[in-house]
1. Pick out the one residue from 194, 224 that is in contact with a helix residue (DSSP H, G or I) (Cβ under 9 Å, 6 or more places away or on another chain), within 29 Å of residue 239 (Cα to Cα) and part of a loop (DSSP other than H, G, I, E, B).
2. When you scan the range 296-306, do you find a residue that is without any contact (Cβ under 8 Å) to a residue 40 or more places away in the chain, surrounded by fewer than 21 Cβ atoms within 10 Å (Cβ to Cβ) and under 30 Å from residue 417 (Cβ atoms), even just one?
3. Test residue 157 against the stated conditions and say whether it is part of a helix (DSSP H, G or I), buried (at least 18 other Cβ atoms within 10 Å of the Cβ) and either in the same structural domain as residue 129 (by TED's automatic domain parsing) or touching a helix residue (DSSP H, G or I) at 6+ places or on another chain (Cβ under 6 Å) (or both).
4. Give the residue, chosen from 468, 544, 505, 499, that is modelled with pLDDT of 65 or more and either surrounded by fewer than 16 Cβ atoms within 10 Å (Cβ to Cβ) or touching a strand residue (DSSP E or B) at 6+ places or on another chain (Cβ under 9 Å) (or both).
5. Does residue 282 satisfy the criteria of being at pLDDT below 80, surrounded by fewer than 22 Cβ atoms within 10 Å (Cβ to Cβ) and closer than 18 Å to residue 222 by Cβ?
6. Is it the case that some residue within the range 84-107 is within 42 Å of the chain's Cα centre (by Cα), at pLDDT below 75 and in a helix (DSSP H, G or I)?
7. Determine whether residue 474 is closer than 19 Å to residue 532 by Cβ and buried (at least 18 other Cβ atoms within 10 Å of the Cβ).
């Protein structure tokens, strides 16, 4: 009933539209209007632009032809792997593997047969066949109730041949996808081998191959994946290789496997050193360096803390030398700013951990402060303002940590002030290399020295000799100002004298022994009078040209 009424309504609508079109045609003919121009003028635009329609069609073809091929081959491969790894009870142990090899042959034939008609699908079938070849070989020793091959050595050799074959074919075809699968299979084979030295040597060879692929084809995603894969493989082996069914634990390995992470780091760094452009440091080089630093030292630190605490100072000292050497190579060969910065910071960090592990608290804070001289020196060579600023912040943190954790002050605490003066002198000596437009960092180190020396001497010296020691510091500043021709040290001397005067007036008149009080007042008074006389004599002998020369030298 409803369908018949709908039919009648449609017929009426069609008849009405025909009558309307007929009337419009008679009106146009009577007015002598151009029918074509009218249609062109009032033609409505399509609901979907032609470009969007083409994009939609292209996306549909991409999903249907390429994505479905990838997903389909992956799902098919997983299903076949499950089929092969199923523990068959009533079949001879070699039958599943023979069936797998037969499937490999069938996939290779299908890939060759469809290479012209379906080239894209043919490539994925070929890759899936190679992957199936590896798991079929793996099935000869694993996953079954009985083993077709009992010897682990023979099985490892066969798996190694399968992995190498996969990598050779991937290299010849210049396929990043096949290469990614190939290095993954190689890492699995390395884990299956049961020897510490073979794991280290095999991963080293694999690292060189990954670097070669990066240099040859510039496959940056594969390079980053390979970095993570090598470090993770070595760490999985260190925790007793749970991939092959072992319980998680910490292996007692030769120290060579600990230093393997440093060897891998040097190998992967060579990829960026080989072909970096001096004109511009690409963001990929920066990210690769940061990635390599994070994985290498992260695992190295974790393993040394978990298992090798007895050689913690030596191991991290060696790590600092290696990372600092890499940073020097980046600067000398490529004049790299960021990569050299990352590796140098890593080297300084390793050296700091070695110092903390070697010396007792709070003595290691003093050694850490002396380390900052090395940091400043290399930072000037690298022309790195970042390292200079970071080093000063760490210097201040170390000093206040020393104050907080130290129960008493010793003579060694004066080294903080000596380090501050040394760093300020180094910055002044090579300031042109840093292209510093301000003297903020130099003044910061000088200010640190100005406060550290009086503070340390106040706690070190007996109360009767504090004023005398501060006077000696002020005189030392004056001597430095004469030798270095730098007026900043004169200001430090003046301020230290003022501080000494305040101490003598407010402390010396009440707390000091009478004899020491007399000596302090007389000695300080004589020194101040002599300093005043020297200033007066200098002013009386100075002339304008000489003053100009002094001022120009004082600005150094």
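1. Working: 224 fails: part of a loop (DSSP other than H, G, I, E, B).
On inspection, the qualifying residue turns out to be 194.
2. No, the range 296-306 has no match at all.
3. No, not satisfied.
4. Selected residue: 505, the only one of 468, 544, 505, 499 that is modelled with pLDDT of 65 or more and either surrounded by fewer than 16 Cβ atoms within 10 Å (Cβ to Cβ) or touching a strand residue (DSSP E or B) at 6+ places or on another chain (Cβ under 9 Å) (or both).
5. On the way: at pLDDT below 80: yes; surrounded by fewer than 22 Cβ atoms within 10 Å (Cβ to Cβ): yes; closer than 18 Å to residue 222 by Cβ: yes.
Here the answer is yes, as residue 282 does meet what is asked.
6. Among the residues of the range 84-107, at least one is within 42 Å of the chain's Cα centre (by Cα), at pLDDT below 75 and in a helix (DSSP H, G or I), which makes the answer yes.
7. On the way: closer than 19 Å to residue 532 by Cβ: yes; buried (at least 18 other Cβ atoms within 10 Å of the Cβ): yes.
When the stated conditions are applied, residue 474 passes them.
Okay, residues lined up against (1) under 19 Å from residue 270 (Cβ atoms); (2) surrounded by 16 or more Cβ atoms within 10 Å (Cβ to Cβ):
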site: 288; (1), (2): yes, yes
site: 322; (1), (2): yes, yes
site: 329; (1), (2): yes, yes
site: 339; (1), (2): yes, yes
site: 342; (1), (2): yes, yes
site: 347; (1), (2): yes, yes
site: 358; (1), (2): no, no
site: 364; (1), (2): no, yes
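The values are calculated or read from the model by the stated rules, or taken from the named source; none is laboratory data. Just so you know, these numbers come straight off a predicted model, no measurement behind them. Because the Cβ atoms are built from the backbone with ideal geometry, glycine has one as well, and the counts that use them run over all protein chains shown.
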